[in-house]
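As structure tokens, the structure follows; a few thoughts come after it.
We did not get these values from a lab; they are worked out from the coordinates using the rules stated. Note that the structure is predicted; figures quoted are calculated from it, not measured. Note that each Cβ is placed from the backbone with ideal geometry, even for glycine, and that neighbours are counted across all protein chains shown.
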Amino acid sequence: MAKAATQSRTRNGRLTQAQLDARAQQRTEDDELIRAAQKGERAAFDALVRRYDQSVLRLALHMLGNEQDAQDVHQEAFIKAYRHLGNFRFECSFYTWLYRIVTNLCLDQLRRRKSRREDPATVLDSSGEEMDLMANISDERAMANPGRELDRKLMSEQIGAALNKLTPRERTVFELKHYQGLKLRTIGEMLSTTEETAKNTLFRATRKLRASLAELHT
């Protein structure tokens with residue numbers, strides 16, 4: 001019965017007790033590493049970097065859609081985290097604090113793109129090849145059906161173009177929610193705002209995306 005209840009919670013999108021325990025254990029370990037790093041132990045900070053290295057890079061890549069820009073933000077975020085680690089007060093988890101740094105750097109990058117009107121509709125990797133924004137959404141039927149796969153790639157391009165029409169903050173909230181799976185309360189903390197404001201921003205972003213995609217199909 002307990003096993004069935006656990007499975008039910010998982011299907012409903014809630015964390016299981018094991019996942020909650022693992023998250024609490026990770027936060028405890030993070031706090032120990034932070035305290036050591038604040039005392040000048042470089043190895044402790046290096047351990048934090050290894051723990052969150054790939055997560056930071058994935059977040060930056062999803063938000064910016066450009067591998068070189070993501071690499072730049074990735075590097076700058078950890079430099080900034082190292083410089084300001086002494087200001088960490090353990091009022092939130094380290095990943096929330098670190099993601100706040102990353103999202104702010106990405107927002108700055110997106111604003112600079114908008115001001116230069118260089119926010120591309122297509123996404124390129126470091127070799128100049130186009131990347132599929134929806135590559136993280138698998139569809140075995142599409143792979144077995146060339147026509148369906150073509151439709152999926154077309155939809156990916158349309159979504160990319162629609163995302164580029166959002167304001168930097170709207171795009172950030174949308175991608176943190178739907179690509180990173182973060183809660184609105186956490187997103188609000190990262191952007192130094194309230195959960196309600198993050199919710200309203202997500203609503204506006206979703207409405208604009210639907211309108212943009214509807215225009216493409218009329």
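For region 164-199, the list of trypsin sites (Lys or Arg not before Pro) that fall in a loop by DSSP and count at most 13 other C-beta atoms within 10 angstrom reads Lys183. Label positions at Ile79 and Asp21, each projected 7 Å from the Cα along the C-beta direction, are separated by 4.2 nm.
What does the charge count around Ala24 come to, taking other residues whose C-beta lies under 15 Å from its C-beta (Lys +1, Arg +1, Asp -1, Glu -1)? List each step's numbers first, then the result.
On the way: positive: Arg23, Arg27; negative: Asp21, Glu29, Asp30, Asp31, Glu32.
Result for the neighbourhood of Ala24: -3.
Couplings 3J(HN,Hα) of region 197-207, computed from phi: 5, 4, 5, 5, 5, 4, 4, 4, 4, 5, 5 Hz, in residue order, whole Hz [Karplus 6.51 cos²θ - 1.76 cosθ + 1.60, θ = phi - 60°; x for Gly and Pro].
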